[in-house]
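Data block below; observations after.
The values are calculated or read from the model by the stated rules, or taken from the named source; none is laboratory data. These numbers were taken from a predicted model, which means no experiment stands behind them. Neighbour counts are summed over all protein chains in view; Cβ atoms, including those assigned to glycine, are modelled from backbone coordinates with ideal geometry.
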Amino acid sequence: MVTAVLPLYLVLGLGLSPLQFGFLDGLFNGATALVRLLGGRLADRGSGRHRTVAGAGYLLSALSRLGLLMAGGAAGGIAAALAADRLGKGVRTAPRDAMITLSAPPETLGRAFGVHRAMDTTGALLGPLVAFVVLWATADAYDAVFVVSFATGLLGVVVLGLFVPADPSAPPPRAASTRPVPSALPAAGPNAAPGPTGTAARSTADPAFRRVVAAAALLGTATVGDSFLYLLLQRGLDLSAALFPLLPLGAAACYLLLAVPAGRIADRAGRRIPFLLGHGALLAAYLTLLAPSSLPTAVLVLVLLGVFYAATDGVLMALAAPALPAAGRASGLAVLQTGQALARLVGAAGFGAAWTWWGPRPALVAATLALATALTAAWRILPGRKARR
């Protein structure tokens with residue numbers, strides 16, 4: 001809900017410049033990325049802590065909605081609320097993803113993450129609809145959106161505490177001769193170093209894993225935040241404020257439909273190619289935005305954005321997870337997520353600065369060239385199937 005209305009609230013409602021919004025959007029998506037490392041380490045320190053740490057993160061994000069409510073138009077208060085929300089996300093993401101990997105066999109991780117991302121996207125699909133209804137019913141009262149978002153987030157924390165197992169069971173070890181994991185990385189063996197510090201250090205020192213981290217960070221630096229894409233569509237189509245929250249619906253619907261099929265394909269064909277092709281879809285979205293604005297081009301941009309997330313978000317976690325020992329999995333995934341989030345912080349701030357100095361179209365041209373270059377480099381950096389052997 002908040003993601004759907006935040007760009008409009010900050011840029012059109014409060015009058016922030018694209019540069020200021022780019023900084024805050026970067027903060028919203030990556031400035032607190034280092035907290036992911038803390039969340040991973042805390043979750044790996046004992047059995048049953050994954051749910052506790054994840055729940056604390058979700059609660060902090062829910063409380064940040066009250067911060068937005070109390071901030072009014074103060075930039076400092078808004079920044080603090082956004083930082084609290086991203087602190088919550090940073091703390092919860094690695095433990096949550098580790099719980100998924102510990103609850104599914106390695107050869108089905110793509111599908112498992114696809115199911116999770118589909119359920120998560122169901123919320124992303126309903127959120128803008130609820131925000132649209134609330135804004136329509138309250139004559140564009142953004143405070144009402146923040147209140148409803150807080151209540152919904154708090155309910156989610158209660159559901160997490162009551163129904164999610166505290167200690168997900170890892171699947172039993174498989175013999176060395178079993179079907180290989182369709183990842184570019186070697187699966188962690190049963191003799192991996194015990195304890196969170198040893199396992200995390202051992203996993204992140206693996207050359208293939210480090211290449212995945214490098215490729216994800218490189219591509220993240222060349223990624224324009226979704227909020228900027230929606231603002232570009234809004235400017236091109238001259239959409240009203242009431243219709244703006246509906247823009248994410250197209251991308252969310254496509255993501256919802258494709259998340260599980262993309263995960264299945266990645267499990268069968270290998271996860272490297274879908275991950276790269278997903279960024280190719282994002283590149284196509286940038287090129288489409290450079291074309292004259294129309295309803296068909298806007299729909300195409302939203303569809304391509306959904307394809308991008310379906311082929312990359314969960315697939316990246318499934319690509320890396322088999323190389324991480326169970327006792328240090330949250331810490332290892334946190335390293336990967338931190339690198340990607342910090343890179344996206346740089347990308348969002350850079351695009352906001354380019355928009356402010358050069359204008360939206362030259363900034364988008366620069367972003368397109370940067371993503372094409374990063375995609376070419378990532379194709380060479382990411383380890384291939386031979387890295388498993």
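Taking the stretch 99-128 as the range and being surrounded by 16 or more Cβ atoms within 10 Å (Cβ to Cβ) and of a type in the set (A, V, I, L, M, F, W, C) as the test, the residues that pass are M99, I100, L102, A104, L109, A112, F113, V115, A118, A124, L125.
Residue-by-condition table, conditions (1) in a helix (DSSP H, G or I); (2) hydrophobic (A, V, I, L, M, F, W, C); (3) more than 30 Å from A166 (Cβ to Cβ); (4) touching a helix residue (DSSP H, G or I) at 6+ places or on another chain (Cβ under 7 Å):
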| position | (1), (2), (3), (4) |
| --- | --- |
| H50 | yes, no, no, yes |
| I78 | yes, yes, yes, yes |
| G88 | yes, no, no, yes |
| T108 | yes, no, no, yes |
| F113 | yes, yes, no, yes |
| G123 | yes, no, no, no |
| V134 | yes, yes, yes, yes |
| F146 | yes, yes, yes, yes |
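How many residues, within the stretch 68-99, are of a type in the set (V, I, T) and under 17 Å from R41 (Cα atoms)? The number of residues fulfilling the criteria is 2. Determine, yes or no, whether Y9 is crowded, with 20+ Cβ neighbours inside 10 Å, assigned to a helix (DSSP H, G or I), at pLDDT below 75 and among the aromatic types (F, W, Y). Yes, satisfied. Scanning the stretch 273-286 finds one or more residues that are over 19 Å from the mean Cα position of the chain (by Cα), more than 29 Å from E107 (Cα to Cα) and not in a loop (DSSP other than H, G, I, E, B).
Among the residues of the stretch 92-106, those that are in contact with a Ser or Thr (Cβ under 9 Å, 6 or more places away or on another chain), over 21 Å from I273 (Cα atoms) and not in a loop (DSSP other than H, G, I, E, B) comprise R92, A94, P95, A98, L102.
If you go through the stretch 318-331 one residue at a time, do you hit one that is at pLDDT below 90, outside any helix (DSSP H, G or I) and crowded, with 24+ Cβ neighbours inside 10 Å? Within the stretch 318-331, one or more residues are at pLDDT below 90, outside any helix (DSSP H, G or I) and crowded, with 24+ Cβ neighbours inside 10 Å. Scanning the stretch 287-296 for residues that are touching a residue at least 60 places away in the same chain (Cβ under 8 Å) and assigned to a helix (DSSP H, G or I) gives L287, L289, L290.
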